[in-house]
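What follows is one structure encoded as structure tokens, with my remarks underneath.
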Amino acid sequence: MRLLEKIDQDIKKAMLAKEKERLEALRAVKNALLVQRTDKGGTAEIKPEVEIMLLKRLVKQRKEAAEMYVDQGRKDLADVEINQAGVIEEYLPEQLSEKEIEKQVKKVILETGASDMKDMGKVMGRASKEMAGKADNKLVSEVVKRLLS
């Protein structure tokens with residue numbers, strides 16, 4: 001089932017259950033998907049990797065907004081943003097643990113023949129492709145740096 005169809009079903013469930021914050025988050029996801037779809041010229045299907053990038057961006061936006069609200073002393077608004085980020089994260093694939101990321105990065109290092117920090121770009125490019133949507137690139141970068149140092 002495509003993500004947009006799943007979101008539509010979950011919007012209906014949230015409406016019936018009167019879950020206001022969940023509904024808001026789901027509508028934001030649907031809106032972002034529809035905007036992405038129309039940017040491609042009408043009814044074009046959105047590739048799964050693009051959907052994942054879009055969801056990650058929405059989660060990141062919510063978390064950044066929550067941080068700003070906390071800095072401004074508005075914990076009530078920060079909680080709303082955190083809850084919405086949690087709802088959106090439910091649609092992301094399960095994230096790899098740091099050990100699993102390390103295992104993948106070691107494999108990439110062996111395959112590319114990387115030996116020091118000069119090869120970081122080569123390793124990051126390959127590792128990012130292999131773990132797209134399954135791992136946070138910031139964490140992947142930290143693991144690559146640690147293993148190449």
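Table for the structure above
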| item | result |
| --- | --- |
| Debye equation applied to the C-alpha atoms of the stretch 98-148, log10 I(q)/I(0) at 0.23, 0.25, 0.28 Å⁻¹ | -0.72, -0.86, -1.11 |
| On Cα atoms only, tilt of 48-71 relative to the major axis of the chain in degrees | 80 degrees |
| Dipole in debye (nearest 20) - the stretch 1-110, about Cα centre, beta carbon charges: Lys, Arg +1; Asp, Glu -1 | 260 debye |
| The stretch 22-144: relative contact order in percent, alpha carbon pairs under 8 Å with at least 6 residues between | 24 percent |
| Length-normalised contact order for the stretch 98-148 - Cα pairs under 8 Å, 6+ apart - percent | 48 percent |
| Under 27 Å from LYS99, Cα to Cα: lysines that are on another chain or at least 8 residues apart | LYS56, LYS60, LYS63, LYS107, LYS118, LYS122, LYS129, LYS134, LYS138, LYS145 |
| Angle in degrees between helix 98-112 and the longest Cα principal axis of the chain, rounded to the nearest 10 | 50 degrees |
| Aspartates and glutamates with Cα under 12 Å of LYS30, excluding same-chain neighbours fewer than 8 positions away | GLU5, ASP8, ASP10, GLU51 |
| Identified option (computed P(r) over Cα pairs in 10 Å bins from 0, in percent; candidates [x] 10, 31, 28, 22, 7, 1; [y] 9, 20, 21, 13, 9, 7, 6, 6, 4, 3, 1, 0; [z] 9, 31, 26, 17, 10, 4, 1, 0, 0) | [x] |
| Dipole-positive endmost among GLN104, THR38, VAL140 within the chain (Cβ charges, Cα centre) | THR38 |
| Bins of 5 Å from zero: percent of alpha-carbon pairs in the stretch 12-66 | 4, 18, 22, 22, 18, 13, 4 |
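Only the coordinates and a few stated rules stand behind these numbers; no lab work does. None of these values were measured; they are calculated from a predicted model. Cβ coordinates were reconstructed from backbone atoms using ideal geometry, including for glycine residues, and neighbour counts include every protein chain displayed.
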